[in-house]
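Accompanying notes for the structure given below.
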């Protein structure tokens, strides 16, 4: 292609005549001349970049990308028992429809009139998530559960003026790494100590005695999860909150909201700040790209003042009865306060928040309960079935959706063999939790039919023999 | 140029809770099969007494079509960039995101991030090669990760690497960073979250850039590094940027380049030659992934070889043509985001780059820069608008409507509410503080045609004319939008703010 004929379908003004006309108005000879006016010669690249030739045909481009991505296997082609923070639930078609709407997909930072619908959908996400959690304040969602937990414990340290947070040892190692990064500081005075609390080896729940012994006058927050990383339901949630409160600390809990049709609202067991992961509510896994963290609390000024997130607030307009929206306490955000802000706010996961709002609206209270019941029954069926096998056992009995399975063989070998049966076995926990032995974290949702679970059993019979 | 007659959809749409009808439902989840029920019995028994949900969540009850209709109406009352000329949303004007790329990104929707490596070779290859083939050449950096899920998260990632680097070098006392006031707020806020003290340099009123002498005074033995956006939000390129990185290096610091918006400089000038140790690109801006109403996005982090070992885990590596995930990196900062970030964003950006090639990327840069020069010539002529600071801007410029405000009482907030009446999105004004009074920041990226730019300028000109002729018309705007001017002033009032429907009902006595 010569210089004159490079007309790109994504660049209207690549047409030479148009460009010349614009340059005439500008009074310049060409792009190089203009760049030289702005950028010193020594910083100019001065050569064409060495990159692959462009694929201008959409069909050729599609075939090229497909040729690479078709090397993946998917959880549609295989039966997957992987969870551990990214879970495969059914995504209602209406969620996909709204998530792919051109307006929501491509909107950026328009005003509250021209983007009224975006603001209202954000407000509805906040409203619906609050119904599940029993809270009254939430904001635009953040990146993932880990970031939400990191922000939440930092809120607690500012609320209490204390510098230590207690985290159970059975938190997700990835999440713990994110939390540790949030708590560490370049300055000694800014550092927040993360102390680990044991879990009960028999139940997988928080070790209450260890928790009580560790809460002290430095404790800003007791962080726990329900269900926790190992799938276990924290039956003593209220006691955990009590211990935190008796020590003058905030009770901070991370939840999987898909459980909240059948599990108690965190507000009902004394939690002050709730965080968690909305990905199960309408988002595909996208190899981890479906994550969507959230934070919620009671509607008290002291909590609201510590949020890093944008908080969409309902408002009145010049027309009686008409809704408008704006942002509450925007001075606290990094867009306004820069380094003096509460952490930071930026581009996060708003499209997923809107999608989750659609999901919660579709399911309603009845759908959320029924879905929770199905997940409980199917996951317990799978656990009971695997527990009966020679060479496999399920150590923790009180769980939702996920549970470790211990094997008499290395998990690596088990999973390799299962792959031959077109099954992705559970996440290998043997490196993260050596005390569990050769254990894998299995995830069972409404996506798993009884036939699939029975096939897993049959495959394991063969593998473990 | 004729300005369009326009009216936004106005549905007066209730909040979803108000549409609820007891007993309706929009979705039936699958139940457990009889065999399962026979074996395990009712679900309730699996939840400890104290943890059972006593009161159903107060979610609305709607049929499926009613839910769909509600959210379609909300989408219609959102002026996405595909129906709009989004030029006003500068510093991050979104470019066209090719529709085919949505279909390609969906190819990974059913992939679990923890699948065995041999079953995710496709996505690992794409992410690795995108960094190795494209971004290394575009930036001059040596290694890339896509774990940070947004631009600010990318900036935070770099603050964490900087923190770890100085600790490993036995210099933990380096606890101060330098930025400029026209760098994006994340360049101050994310190092502050990582515990750094932030020193902010202010611009010379003539040039719009801080003086190099000011930087020399700001650095010292406590300097950990700098976080700089270039071109700055003003659109002005710091011509001394390589001298700046030299000064920071001489003081013992590292340099992080905010290239979230690198639109005007693709194939023109690079982080490597400017002397930076690390950078981030926003894939949901410069590399065409759609913004999604504010995410999910992705920051591509590029580092020099010296800093590669600090990247978050896992790092995608290639050996003998096979891609794998390397977690065994003792100096890694660990994780900033679970799994590998938003890889669907990487798929879109890879596809976009393949469609562009070296020539297309350079063309995008040149055209976005030329578009802005053309827009500058037009906006200069609009009564009430002025361009502070001297010199040429790259692909955006920070303008002022101070004169309009003085002469008519109509400020940028009013103008912003009025231009939407002509089907044009509200403009991005400026981050705070507003050093430029009554600011606005158009950025006519390469997606926009000459006719689009002409139209956008015609709307701005019309509204400024209205301000002189009939200021009340502008101050009471919008008139043709999805709702009307806000009268609520309780956004900072704990007694009146409401961030959820249940709080609103309680505070308005509607329970």
Alpha-carbon Debye profile of the range A:3-61, log10 I(q)/I(0) at 0.25 Å⁻¹ = -1.12
ask   = Principal axis lengths of the range B:113-355 from Cα atoms, whole Å, largest first?
value = 55, 40, 31
request  = In whole angstrom, note down how far apart the Cα centers of the range B:85-120 and the range B:430-450 are.
outcome  = 26 Å
ask   = Where a ≥ b ≥ c are the square roots of the eigenvalues of the C-alpha gyration tensor, would you call the range B:231-321 rounded, which needs a/c under 1.5, or, failing that, prolate if a/b is larger than b/c, or oblate?
value = oblate
key: the range A:119-190 - convex hull of alpha carbons, volume per residue in Å³   = 129 Å³
ask   = For the pair residue B:306 and residue B:479, how long in nm is the line joining their label points, each one 7 Å along Cα→Cβ?
value = 6.1 nm
request  = At a temperature of 25 °C and a viscosity of 0.890 mPa s, determine how fast the protein assembly as shown diffuses translationally according to Stokes-Einstein, using the Kirkwood radius over alpha-carbon pairs as Rh; express D in µm²/s, rounded to the nearest whole number.
outcome  = 86 µm²/s
query = Taking neighbour Cβ counts within 10 Å as the exposure measure, how do B:375, A:23, B:74 sort from fewest upward?
reply = A:23, B:375, B:74
key: Along principal axes, Cα extents of the range A:93-359, largest first, whole Å   = 57, 40, 35
message = Can you tell me the orientation of helix A:58-69 relative to chain A, as the angle in degrees between its alpha-carbon axis and the longest Cα principal axis, to the nearest 10?
response = 30 degrees
key: Cα centroid of the range A:171-237 to Cα centroid of the range A:74-137, whole Å   = 29 Å
message = Rounded to the nearest 5, what % of DSSP beta bridges with both residues in the range B:113-355 are antiparallel?
response = 40 percent
inquiry  = Step by step: find N for chain A, compute 2.2 N^0.38 Å, then divide the Cα radius of gyration by it. What's the final number?
reply    = 1.14
key: 0 to 90° range, to nearest 10: angle between helix A:145-160 axis and chain A longest Cα axis   = 80 degrees
ask   = What's the center-to-center distance, using Cα atoms, between the range B:1-19 and the range B:244-301 in Å?
value = 38 Å
task = Please state, as a whole number in µm²/s, the translational diffusion coefficient that the Stokes-Einstein equation yields for the range A:330-382 at 20 °C and 1.002 mPa s, with Rh defined as the Kirkwood radius across alpha carbon pairs.
result = 150 µm²/s
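Scaled to the compact-protein estimate 2.2 N^0.38 Å, what is the alpha-carbon radius of gyration of the range B:329-425, rounded to two decimal places?
Its radius of gyration relative to the 2.2 N^0.38 Å reference: 1.66.
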task = Mind jotting down a quarter of the surface of the convex hull over the alpha carbons of the range B:18-124, in square nanometres, one decimal?
result = 13.8 nm²
message = Using C-alpha positions alone, give me the convex hull volume of the range B:364-496 per residue in cubic angstrom.
response = 131 Å³
inquiry  = If you scale each eigenvalue of the Cα gyration tensor by 5 and take the root, what three semi-axes come out for the range A:223-370, rounded to whole angstrom and sorted largest first?
reply    = 27, 22, 17
Sum of -39500 (n - 2.57) over DSSP H runs of 4+, divided by residues of the protein assembly as shown (222 nm, nearest 500) = -11000 deg cm²/dmol
query = When B:322, B:177 are ordered from fewest to most other Cβ atoms inside 10 Å of their Cβ, what list results?
reply = B:322, B:177
request  = Report, for the protein assembly as shown, the % of DSSP beta bridges that are antiparallel, rounded to 5.
outcome  = 55 percent
note = For A:125, B:46, ascending order of other Cβ atoms within 10 Å (fewest first) is B:46, A:125
task = Pop out the Kirkwood hydrodynamic radius of the range B:314-375 from its pairwise C-alpha distances, inverse of mean 1/r, in Å to one decimal.
result = 15.1 Å
message = Please compute the modelled spin-label separation between residue B:212 and residue A:63, points set 7 Å along Cα→Cβ, answer in nm with one decimal.
response = 5.4 nm
task = Quick one: angle between helix A:450-464 and the longest Cα principal axis of chain A, in degrees between 0 and 90, rounded to 10, please.
result = 70 degrees
inquiry  = As a test of the definition: which semi-axes, in Å, follow for chain B when you take the square root of five times each eigenvalue of its alpha carbon gyration tensor? Largest first, please.
reply    = 38, 36, 23
Residues listed by number, the range B:352-381, amide nitrogen under 14 Å from residue B:454 label point at 7 Å toward C-beta = B:375, B:378
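Quick note: the coordinates plus some simple rules give every number you see, no bench work behind them. From a predicted model like this one, the values you see are computed outputs, not experimental measurements. All Cβ positions, even for glycine, are placed from backbone atoms using ideal geometry, and neighbour counts span all protein chains on display.
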